[in-house]
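S.K.: There's a structure below that I have some questions on.
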Amino acid sequence: MGDSKKYITAEELKKHNKIDDLWISVQGKIYNVTDWIKQHPGGDIPILNLAGQEATDAFIAFHPGTAWKHLDNFFTGYYLQDYEVSEVSKDYRKLCVDFAKAGLFEKKGHGVMYSFCFIGFLLCLTFYGVLFSNSFLIHMLSGGLLGLTWMQISYLGHDSGHYLIMTNKGFNKMVQIMSGNCLTGISIAWWKWTHNAHHVACNSLDYDPDLQHLPVFAVSSSLFKSLNSTFYGRELTFDSLAKFFVSYQHFTFYPIICVSRVNLFVQTLLLLFSKRKVPDRFLNILGIMVFWTWFPLLVFALPNWTERVLFVLTSFAVTGIQHVQFCLNHFAADVYVGQPKGNDWFEKQTAGTIDIDCSPQMDWFFGGLQFQLEHHLFPRLPRCQLRKISPIVQELCKKHNLSYRSLSFFEANRWTIRTLKTAAMQARGLLWEAVNTHG
């Protein structure tokens, strides 16, 4: 008896890669998610980035087991012809199953409660230092504590964006708005929009927004070609101004990072007041209003403008350590140009990430994100489990001859500056060539 299943080829699947005609393959079954993309909790960008492709590994990474039952609603009746699973993907999927059976995705430990207590303690110290002390040194120390508080809040918000840290989705959303919008001034809606795209298109120069920092930074000379950002829907123009900034980026990296929080505030406002569909727009705007009420009041409680400016700069500089860490995880890793592919998920994550080696006593400081590869492979895994699975991931990388890079914080900084300097020297050559041509 012959096979009664209906098949389409990978080439035919690729034709369904538009927002109004969007198909994907999961475990060889073809699904039409054209209408679902408008309701997808993770936004439209992740699905669009994998449109017209086999996307099983990405689906497994981002969705709990309960999501599988919903796929049948979108089944087209077609199967992918010549569907094959690579040895790497087989091992990756087996790990996902093993971790799920062991309950690792559900075992969150007491980290959330510890984080709440620590954040509350830091905030109390910050407010006490500003409101009840006349010492300049205490005021600056309070600014540093506020920066450290923002770091810890960001880690908590990051956790809540990847998995439920509370008892239900309602409380989880409340924590997201409180931790992101109200306490840091950075919208959780903006974070989800950019972060989900980053995870799916890790280190793609034209798809990953976390590598699109022109005119101030460029991690690769490929950005000198003024690539089109599919995320922002505009050209990443590499003009004379960008050439100048990039030519000195290995010197300006740390100073700019110290005030980079300003850019996050601006990006938040641009999204919330844009025409783009923003989930819970009102709540996000309300949360931002809360931040821009208490933060200026705290700053103006200081006695003079000198202390106010230095307090803000100190808080920004300390939380800038976290921004540096995010750059260390990706700037010096492998990059590529083009759409992410669903059939090399594991390989792309290993190529585009760098872990930061630290002692267990420092896990709180890095928020679990020092295990960047582990987090990218298993984004729903609570941070308290990442150190446990690290040896398993290393063994899998070794088995398939894939890179696993784990550097000390100092060494990762050195790699990052070296990457920026390499691109800077290439840009400087173009800059001097332009000066000599027009000069």
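S.K.: Apply the Karplus parameterisation 6.51 cos²θ - 1.76 cosθ + 1.60, with θ equal to phi minus 60°, to every residue of the range 205-222 and state each ³J(HN,Hα) to the nearest whole Hz, in sequence, with x for glycine and proline.
M.R.: With the stated coefficients, the range 205-222 comes to 5, 9, 10, 8, x, 6, 10, 9, 10, 5, x, 8, 10, 8, 8, 8, 5, 4 Hz.
S.K.: Moving to a separate point now. Calculate one ³J(HN,Hα) per residue across the range 91-108 by plugging θ = phi - 60° into the Karplus curve 6.51 cos²θ - 1.76 cosθ + 1.60, and present them in order as whole Hz with x for glycine and proline.
M.R.: Those phi angles translate into 5, 5, 5, 5, 4, 4, 5, 4, 5, 5, 5, 7, x, 5, 6, 9, 7, 9 Hz.
S.K.: Looking only at Cα atoms, what is the convex hull volume of the range 150-279 per residue, in Å³?
M.R.: Measuring per residue, one finds 116 Å³ for the Cα hull of the range 150-279.
S.K.: Can you list residues from other chains, or at least 5 along the same chain, whose modelled amide H is less than 5 Å from the amide H of Phe238?
M.R.: Ser226
S.K.: Here's something else I'd like to know. Determine which lysines satisfy two conditions relative to Lys399: a Cα distance under 25 Å, and not lying fewer than 8 residues away in the same chain.
M.R.: Lys90, Lys94, Lys101, Lys341, Lys348, Lys388
S.K.: With a 1.4 Å probe and every protein chain kept in, tell me what percent of the accessible surface of the chain is carbon plus sulfur.
M.R.: 63
S.K.: Also, quick follow-up: Under 14 Å from the Cβ of Pro41, count the other residues' Cβ atoms, weight Lys and Arg +1, Asp and Glu -1, and hand me the total.
M.R.: +4
S.K.: Find out how many positive minus negative residues lie around Leu272, taking Lys and Arg as positive, Asp and Glu as negative, among other residues whose Cβ is under 15 Å from that of Leu272.
M.R.: Within the 15 Å Cβ shell, the charges total +4.
S.K.: Ok, one more. Calculate, for Phe171 and Met289, the FRET efficiency according to 1/(1 + (r/R0)^6) with r their C-beta to C-beta distance and R0 30 Å; round to the nearest 0.05.
M.R.: Taking R0 as 30 Å, the efficiency between Phe171 and Met289 is 0.90.
S.K.: Which whole-number value in Å² is the accessible area per residue of the chain, probe 1.4 Å?
M.R.: Using a 1.4 Å probe on heavy atoms only, each residue of the chain averages 48 Å².
S.K.: Calculate one ³J(HN,Hα) per residue across the range 346-354 by plugging θ = phi - 60° into the Karplus curve 6.51 cos²θ - 1.76 cosθ + 1.60, and present them in order as whole Hz with x for glycine and proline.
M.R.: Result, rounded to whole Hz: 4, 4, 5, 5, 5, 6, x, 10, 9.
S.K.: Now a separate question. When ranked by the protection proxy of mean other Cβ atoms within 10 Å per residue, highest first, what sequence do the peptides 423-429, 75-81 form?
M.R.: Answer by packing, highest mean first, reads 423-429, 75-81.
S.K.: I need the semi-axes of the equivalent ellipsoid of the range 43-103: take the C-alpha gyration tensor, multiply each eigenvalue by 5, square-root it, list largest first in whole angstrom.
M.R.: Taking √(5λ) for each Cα gyration eigenvalue gives 20, 16, 13 Å.
S.K.: Any lysines with Cα under 19 Å of the Lys5 Cα? List them, leaving off those in the same chain fewer than 8 positions away.
M.R.: Straight-distance partners of Lys5: Lys29.
S.K.: Based on the alpha-carbon gyration tensor of the range 352-419 and its eigenvalue square roots a ≥ b ≥ c, which shape applies: rounded if a/c is under 1.5, prolate if not and a/b is larger than b/c, or oblate?
M.R.: Values: a/c = 1.84, a/b = 1.10, b/c = 1.68.
Taking the square roots of the gyration eigenvalues as a ≥ b ≥ c, the range 352-419 is oblate.
S.K.: Estimate the FRET efficiency between Glu12 and Arg234 by the formula 1/(1 + (r/R0)^6), using the beta-carbon distance for r and 25 Å for R0, to the nearest 0.05. The partial results should precede the final answer.
M.R.: Numbers: r = 31 Å, r/R0 = 1.25.
Computed FRET efficiency for Glu12 and Arg234 comes out at 0.20.
S.K.: Further, regarding this structure: Per 0.36 nm of contour for each residue apart, how much would the distance between Cys124 and Leu402 grow if the chain were fully extended, relative to their Cα-Cα spacing?
M.R.: Values: separation 278, 0.36 × 278 = 100.08 nm, distance 4.61 nm.
Between Cys124 and Leu402, full extension yields 95.5 nm more.
S.K.: Please list, in order, the residues from the range 192-226 whose amide nitrogen is less than 18 Å from a point placed 7 Å along the Cα→Cβ vector of Phe244.
M.R.: Counting only backbone N, you get 214-218.
S.K.: A further question follows. Give me the net charge for the shell around Asp355: Cβ to Cβ below 14 angstrom, other residues only, Lys and Arg +1, Asp and Glu -1. Please list the in-between numbers first.
M.R.: Details: positive: Arg383, Arg387, Arg405; negative: Asp357, Asp363, Glu374, Glu411.
Within the 14 Å Cβ shell, the charges total -1.
S.K.: Counting each DSSP H run of 4 or more residues in the chain as -39500 (n - 2.57), what helix-only mean residue ellipticity at 222 nm follows after dividing by all residues, to the nearest 500 deg cm²/dmol?
M.R.: Helix-only estimate at 222 nm: -17500 deg cm²/dmol.
S.K.: Mind checking the alpha-carbon convex hull of the range 1-125 and giving the volume per residue in Å³?
M.R.: Cα-based convex hull of the range 1-125, divided per residue, equals 162 Å³.
S.K.: Can you tell me the length gained on complete extension of the stretch Phe136 to Arg281, counting 0.36 nm per residue apart and subtracting the Cα distance? Present the calculation step by step, with values, prior to reporting the outcome.
M.R.: Details: separation 145, 0.36 × 145 = 52.20 nm, distance 3.93 nm.
Length gained between Phe136 and Arg281: 48.3 nm.
S.K.: Quick one: which residues, 5+ away or cross-chain, put their amide H under 5 Å from the amide H of Tyr7? H built at 1.01 Å from N.
M.R.: Tyr79
The values are calculated or read from the model by the stated rules, or taken from the named source; none is laboratory data. What you see is a predicted model; the values in this text were computed from it and never measured. Methodologically, a virtual Cβ is constructed for each residue, glycine included, from the backbone with ideal geometry; neighbour enumeration extends over all protein chains shown. The accessibility values were calculated without ligands, DNA or RNA, using every heavy atom of the protein model including side chains. Shrake-Rupley method; radii C 1.70, N 1.55, O 1.52, S 1.80 Å.
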